[in-house]
Amino acid sequence: MSQRKRSKGLGCSQLPDGEDDFIPTQVERRSQEQLNQKVSELVQFLLVKDQKKIPIKRADILKNIIREYKDAYSEIIKRADRTLQEVFGLQLVEIDAKRHIYILINNLPCAQGELLCRGKEQEKMGLLLVILSFIFMKGNSVKDSALWEFLHLLRVYPGKQHGVFGDVRKLVTEEFVRQKYLETTAIPLTDPPEFKYQWGPRAEKETSKKDVLNFVAKMQGKDPKFWASQYSEANKATT
Amino acid sequence: MSHAGTSGESPPAARRRRARPPQPQERAAREEAAEAAQEEAAEEEAAGERLRQLSIGDGDDDDREHNRMIRSQYRELISTVQQNREAMLNSKSNRLTEALEEANRLFDGVCRAREAALDAHFLVIASNIGKEKASELHSEMSAFDSTAFAEDLLTFMGINRTEVEETDESEDIPGGFLPTGAWQTIGEEAPKYFRRAPTFHYMMGSFKSEPPVPKQRIERQRKASRRKAERAMPAQLKKMEESHQEATEKEVERILRILQTHFEDDPNTPISFFDFVIDPNSFARTVENVFHVSFLTRDGLAKIKLDEDELPIIEPIKPSEGGEEEDSRAGARNQVVISLNQKEWKEIIETFQIREAMITPPYQATEEEMETE
């Protein structure tokens, strides 16, 4: 994982930029107990922060948990990740190496028949899966007008309140984007401005093109190989 | 392919191209895009020529009217193209070509830079669309029929299809009713494809979660209602202001009357204090009775003394006796603290076999008082 790039010895250089006011006058020997305490706090913090599925920023972690233990940041992160994996079967993943944003994903293969999400969450995931499939099958990028045209066919309208999803436009353009499931960019030279949708970094980590292709194939009752180019792209991604 | 030199040549050339045998959709669309590009290129050349020939001048009114019309037609064309962008991108449609041909026709009437500028604007938009159309073809994705996919999804969700008349536009929504659990069905299928971390929740809830907030609201409501009650109170209090003070006094008076009544029946036998105050049914009332009786003794309306058996007895003092008994009264200004707990209370009831209260409880008293009066 990208956050373990540097070795333990270089304490200062791992600090985020702009934190020059922290001058380690003495390299305090952090006791194992103290570190473990911080690790536990971080694990709890991550689990709670993950409830809304909004990615967690390193700045928040530093401010709320690490605080004066900045020099041990990467060690704490590493141990927290290990705890998450060994105890909860989750994984801490950095989805943005520049801005240092993390998400939690499930390390275990999704067992059949397990109800890990509840009603409302499940329905949103259903919609999300449909959208991600559409985007992938259409070449990894679709215009918002095309997406809404497609959702029309499923009785989902941007302007109308949906019985299950409520304000769908908000759900798709704000919630899914903020959770990093979808990414939206503006198309140049369009008036009124149009946007295109692609898979967000969380979608890249939580699912795969192969899985999504399998979903489409299952829905349409066809073999995934039916869509030759998508199939080859999906298999390229996994290898 | 060879460039058509002037606009005059392009229609026959186009006709030749269109005369080719019918081909699979993709290639036809590609051709359409290429045609469009061709035509644009041809247009550009022609436009370039004409611009060179343009004379800059106002012209007369007819010209102005003519130009205005051309400008409005161009603007209409531009807005049509922009609004129907999706329709134009549809690989099956020829609408982009039609729009280009329309612009072609309009351009024949253009003789000034102003209209030509509009034409150039249109060209930018049309070429953008053309580029997108081309890029959609360039993608190596195998043809994916989203409509069929949507239909299959609806089927999976359990749609109830009914017969509905279809209109011409294929973009119309097919008929049928989605059952209420439709998205739940997909929702059950979806998690299998995601490695989503289950959200963390405390099983028993955490300490500092929501409950305190409603309590505060309740407290505020209570305080608000208390305040309102207090505001209402003064109005009532003015009417019954004396009631609180009087209540005790009334009680005391009532007890005095009871005492006097009992004493009148039998003036020579003083009443045992315990018999008088104890209410075998209620310890609380017993204490109240003692409290009220203490007022009587304080005000000199009754006296308590010990009899031969050293048991306290109580008897009312007649006001006329006041002068004679002054000494004894002055001497008898003693303070006594009587303590009584429940155990003693029960023992007294047992010992003295007190079956009923001599001092009737206040709310029962009304009936009795009415009887005696």
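Structure values in brief
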quantity	calculated
Any hit, segment A:170-182, residues being modelled with pLDDT of 90 or more, assigned to a strand (DSSP E or B) and in contact with a Gly (Cβ under 7 Å, 6 or more places away or on another chain)	yes
Of the criteria (1) in a helix (DSSP H, G or I); (2) crowded, with 18+ Cβ neighbours inside 10 Å; (3) within 22 Å of the chain's Cα centre (by Cα); (4) more than 9 Å from every other protein chain (Cβ to nearest Cβ), which one A:Gln85 fails	(2)
Some residue of segment B:324-336 being modelled with pLDDT under 90, of a type in the set (Val, Ile, Thr) and under 25 Å from B:Glu249 (Cα atoms)	yes
Residue check for A:Val130: more than 12 Å from every other protein chain (Cβ to nearest Cβ) and assigned to a helix (DSSP H, G or I)	no
Whichever residue in segment A:61-91 is of a type in the set (A, V, I, L, M) and in contact (Cβ under 8 Å) with a residue 60 or more places away in the chain and, among such residues, is farthest from A:Thr207 (Cα to Cα)	A:Ala72
Set B:Glu347, B:Glu368: member being assigned to a helix (DSSP H, G or I), modelled with pLDDT under 80 and either more than 21 Å from B:Glu264 (Cβ to Cβ) or outside the structural domain of B:Ala284 (by the TED database) (or both)	B:Glu368
Yes/no for A:Ala72 being more than 30 Å from B:Pro191 (Cβ to Cβ), at pLDDT 85 or above, under 18 Å from the mean Cα position of the chain (by Cα) and in a helix (DSSP H, G or I)	no
Residue in segment A:104-121 that is at the interface with another protein chain (Cβ under 9 Å from one of its Cβ atoms) and modelled with pLDDT of 90 or more present	yes
Meets criteria (surrounded by fewer than 18 Cβ atoms within 10 Å (Cβ to Cβ) and without any contact (Cβ under 8 Å) to a residue 12 or more places away in the chain) for A:Lys138	no
Number of the exception - B:Ser139 against (1) modelled with pLDDT of 75 or more; (2) closer than 30 Å to B:Ala42 by Cα	(1)
Hits in segment A:149-195 - residues which are closer than 20 Å to B:Met157 by Cβ, hydrophobic (A, V, I, L, M, F, W, C) and at the interface with chain B (Cβ under 10 Å from one of its Cβ atoms)	A:Phe150, A:Leu151, A:Leu153, A:Leu154, A:Val156, A:Val164, A:Phe165
Residues of segment B:176-188 classified as facing another protein chain (nearest Cβ under 7 Å), assigned to a helix (DSSP H, G or I) and touching a residue at least 12 places away in the same chain (Cβ under 8 Å), total	2
Residue, nearest to the chain's Cα centre (by Cα), within segment A:189-209, restricted to residues that are at pLDDT below 90 and outside any strand (DSSP E or B)	A:Pro193
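The values are calculated or read from the model by the stated rules, or taken from the named source; none is laboratory data. Since the model is a prediction, treat every value here as computed from it, not as a measurement. Note that each Cβ is placed from the backbone with ideal geometry, even for glycine, and that neighbours are counted across all protein chains shown.
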